[in-house]
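The block underneath contains the structure these notes are about, expressed in structure tokens.
The values are calculated or read from the model by the stated rules, or taken from the named source; none is laboratory data. Given the structure is predicted, the values throughout are model-derived calculations rather than measurements. Glycine also receives a Cβ, built like all others from the backbone with ideal geometry; neighbour counts cover every protein chain displayed.
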Amino acid sequence: MELHFDELLGKITDFIKSEAKTDTVVGDQFDLGEFKCVPVIKVGMGFGSGGGEGTEAKGKRGEGMGAGAGVGIEPIGFLVTRAEEISFLAAGKTKGLAAAFEKVPDLIEKIAKTRQKEEATA
């Protein structure tokens, strides 16, 4: 039994390179007034393979193999820029880590304002 895993992996990698792009899922970067919007996607992959061989009691020999792969591509939001400002706008409901990243720009702004106030009073 010969499994050409390198060849299979090469074909899968080529497919992902050609298909797992924001322009094939949600489109290219675009301008909206003074804002530049860049789509962001999430790509998930899974691979599995297996094989076996054996001989039964009567002496018959058998072998088999199988392989599978799955790719999931999902738009998750947009990076939005205006002048020097950068924000992330999530697509749909946010939860977990995505919700935390959504709050990062506000947190940075609050920290910067606090430091400015401290420097002004010092």
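How many residues, within segment 52-76, are at pLDDT 85 or above and of a type outside the set (S, T, N, Q)? Explain how you work it out, then say what you get.
Pass one, segment 52-76, residues at pLDDT 85 or above: 52-64.
Those still in the list that are of a type outside the set (S, T, N, Q) too: 52-54, 56-64.
Residues that pass the stated criteria total 12.
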Check Glu102 against each of (1) at pLDDT 80 or above; (2) surrounded by 14 or more Cβ atoms within 10 Å (Cβ to Cβ); (3) among the acidic types (Asp, Glu) and name the one condition it does not meet. (1)
Every residue in segment 50-96 that is touching a residue at least 24 places away in the same chain (Cβ under 8 Å), surrounded by 13 or more Cβ atoms within 10 Å (Cβ to Cβ) and among the small types (Gly, Ala, Ser), please. Ala67, Ala69, Gly77
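Please specify each residue of segment 17-43 satisfying the condition of being surrounded by 13 or more Cβ atoms within 10 Å (Cβ to Cβ) and at pLDDT 75 or above.
So the first thing to find is which residues in segment 17-43 are surrounded by 13 or more Cβ atoms within 10 Å (Cβ to Cβ), and the list is 20-22, 25-26, 29, 35-43.
Result: Gln29, Phe35, Lys36, Cys37, Val38, Pro39, Val40, Ile41, Lys42, Val43.
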Where the second residue is at pLDDT below 70 and the first is more than 25 Å from Phe47 (Cβ to Cβ) and lies in segment 13-37, which pairs have Cβ atoms under 9 Å and are six or more apart or on separate chains? Asp28/Thr22; Gln29/Thr22; Gln29/Asp23
For segment 105-122, what are the residues that are under 33 Å from the mean Cα position of the chain (by Cα), of a type outside the set (D, E, K, R) and at pLDDT 70 or above? Pro105, Ile108, Ile111, Ala112
